[in-house]
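The values are calculated or read from the model by the stated rules, or taken from the named source; none is laboratory data. Just so we're clear, the structure is a prediction, and the values are computed from it rather than from any experiment. Counting neighbours? That spans all protein chains shown, and the Cβs are built from the backbone with ideal geometry, glycine included. Surface areas here come from the heavy atoms of the whole protein model, side chains and all, with no ligands, DNA or RNA. Shrake-Rupley method; radii C 1.70, N 1.55, O 1.52, S 1.80 Å.
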Amino acid sequence: QVQLVESGGALVQPGGSLRLSCAASGNIDSINAMAWYRQAPGKQRDWVATITSGGLTIYANSVKGRFTISRDNAKNTVYLQMHSLKPEDTAVYYCRVVAGAVYYWGQGTQVTVSS
């Protein structure tokens, strides 16, 4: 079992920045890829970015160049640094990890981009 706790969500103005964190605990030795997803009101949950155990990163086109995913293996934490935020980035952001062949999700953290 892996437990995930996200933090860092907030209300921010357009053009602003925010950093989300997701701390993992439990059977962390089995964690492989770590990822961020988001779900806007009334919409499906969409993939945002992934970082592999080897540090390879990939991004959705909608956030490429603005968001950066990183991980601190010593702290068992994955981050999502977000810059140049837009109103359409408003969503609940979820952390997801793959441990063995099992997917685990965090509870989500709200990001609202509004003036």
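Loop-only trypsin sites (Lys or Arg not before Pro) in the stretch 17-91, please: DSSP not H, G, I, E or B, and at most 11 other Cβ atoms within 10 Å.
Here the trypsin sites (Lys or Arg not before Pro) that fit, given the DSSP loop and packing criteria, are 43, 64, 75.
For the chain, which whole percent of the accessible surface, found with a 1.4 angstrom probe, sits on carbon and sulfur atoms?
For the chain, the apolar C and S fraction of the accessible surface comes to 49 percent.
Tell me, what is the per residue accessible area of the chain in Å², probe radius 1.4 Å?
Computed with neighbouring chains in place, this is 52 Å² per residue.
How big is the convex hull of the Cα atoms of the chain, per residue, in Å³?
92
Once the other residues with Cβ under 14 Å from the Cβ of residue 115 are scored (Lys, Arg +1; Asp, Glu -1), what is the net sum?
The answer is -1.
Using Cα positions and a limit of under 20 Å, work out the lysines in reach of residue 43, with same-chain residues fewer than 8 apart set aside.
86
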